[in-house]
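Enquirer: Dropping a structure here in structure tokens format, bear with me for questions.
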Amino acid sequence: MPLMKATPDAITLAAAALRRGDIVALPTETVYGLGADATNARAVARIYEAKGRPLFNPLIVHVESVEQAAQIAVLNPRATRLAAAFWPGPLTLVLHLRAGAGIADLVTAGLETVAVRVPNHPVALALIAAVGCPIAAPSANRSGHVSPTRAEHVRHDLGDVPAVILDAGPTEHGLESTILDVSGDGVVLLRTGAITAEDIARALGERVARTGETDTAADQARPTAPGQLASHYAPRAPLRLDVREVRPGEALLAFGADVPTHDGPMINLSPAGDLVEAAANLFAALRQIDATGPAGIAVMPIPAQGLGEAIGDRLRRGAAPRSFT
Ligand code: TXA
Ligand code: MG
């Protein structure tokens, strides 16, 4: 039984597993990750195998400090500023890979850039410190499923494939990190997340472009986050968004106090209409409501300000036609 409460002993055990090339599931403040020693190509290959993830989709490298980030990536002035403002925290920076840093090619899918972040979670930080090397970790779900926000979600998706699943309870934010490409001349938001574009613009004092918004040669040469393919966060039942009236057979994913009458399965992401609470509940609620086997899932409108932008992004991907599994 690989699921273990994340005690110091369990962290020591997980570090030993990582050192011998096994993969382990670890909590972060965003979602649970499936980790491997980022310098061990065979261990990293196990992650792709376990998730059923396409090899062209690179992974995020988790480090314990800005100094460790600087060993594997080139921190330009923008990156240094963002790291000071938001690390440890739910911001992933896409940076130029430092040559000879020893990061396995499979981690970056052969790109010249690497995605790095310092997670704000005591268990993740203790594990990185204990193992003594950066940890490559995508979300610990089967490719195409919603990300796990509880250890039980990991066990449901991956069973006993991870050597250890470190259980530290539900994650704080419930949405994956914001991904920002600062490897080029501008600042490009590749994935919305817990840190908003406004937060970033304020910290940098410059505007943040969205993927596909700019059209320079450099932008065209740069791949967008490949995991951003349309139907990436799909539950089994089709999602219908911005719904105010529920159809027969549908389950209801509600938000706020003004819920339409409905007698089937219903989960309210935040009766108080709080976007932070709704983000933290989103993926668990999608799994739970999908498991009731509804004909469809009707989702009430979610305001698009602040965190609502990232919530809307994940819901639109969940509602997109299924072209990617
Ligand atoms: O919150 C998170 O970010 C979680 C926790 C575990 O840290 N991780 C996570 O990883 O969401 P994953 O693999 O599900 O998403 C990583 C995203 C993918 O969309 C991938 O394409 C993108 O990061 N990515 C990785 N390296 C990249 C690079 N060099 N350039 C552009 N995008 C990159
Ligand atoms: Mg993922």
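Every read-out reported here was derived from the displayed coordinates using simple, explicitly stated rules and does not represent laboratory data. Remember, it's a predicted structure, so these values are computed and weren't measured experimentally. Every residue, glycine as well, gets a Cβ built from its backbone with ideal geometry; the counts of neighbours run over all protein chains shown.
Enquirer: So, R0 is 30 Å and r is the distance between the beta-carbons of Asp258 and Ala201; what FRET efficiency does that work out to, to 0.05?
Expert: 0.40
Enquirer: Check which residues have an amide H placed less than 5 Å from Ile195's amide H, if you skip close sequence neighbours.
Expert: Residues meeting the criterion, in which the H sits 1.01 Å from N, are Thr178.
Enquirer: Please give the length that would be gained between Thr80 and Val66 if that part of the chain were fully extended, namely 0.36 nm times their separation in residues minus their C-alpha to C-alpha distance (nm, one decimal).
Expert: 4.2 nm
Enquirer: Which whole-Hz couplings ³J(HN,Hα) result when phi for each residue of region 188-194 is put into the Karplus expression 6.51 cos²θ - 1.76 cosθ + 1.60, θ = phi - 60°, listed in order with x for Gly and Pro?
Expert: Whole-Hz 3J(HN,Hα) from phi for region 188-194: 10, 7, 8, 8, 6, x, 4.
Enquirer: Quick one: length gained pulling Asp185 to Asp9 fully straight, 0.36 nm per residue minus the C-alpha distance?
Expert: Taking Asp185 through Asp9 to full extension adds about 58.9 nm, to one decimal.
Enquirer: Based on the Cβ-Cβ distance of Asp242 and Ala101, what FRET efficiency does E = 1/(1 + (r/R0)^6) give at R0 = 45 Å, to the nearest 0.05?
Expert: The calculated FRET efficiency here is 0.50.
Enquirer: If you don't mind, another one. Show that you can apply the helix-only estimate: for the chain, add -39,500 (n - 2.57) for every DSSP H stretch of four or more residues, divide by all residues, and state [θ] at 222 nm to the nearest 500.
Expert: Rounded to the nearest 500, it is -9000 deg cm²/dmol.
Enquirer: Relative to the compact-globule scaling 2.2 N^0.38 Å, provide the ratio for the alpha-carbon radius of gyration of the chain.
Expert: With N residues counted in the chain, Rg over 2.2 N^0.38 Å equals 0.97.
Enquirer: Once both axes come from the Cα atoms, what is the angle between helix 41-51 and the longest principal axis of the chain, in degrees from 0 to 90, rounded to 10?
Expert: On a 0 to 90 degree scale, this one is about 10.
Enquirer: For Gln305 and Ala129, what is the calculated FRET efficiency with R₀ set at 35 Å and r taken between the beta-carbons, to the nearest 0.05?
Expert: Calculated value: 0.40.
Enquirer: Starting from the Cα of Glu49, step 7 Å toward the Cβ, then list every residue of region 137-154 with an amide N under 13 Å from that point.
Expert: It comes to no residues whatsoever.
Enquirer: How many percent of DSSP beta bridges within the chain run antiparallel, rounded to 5?
Expert: 45
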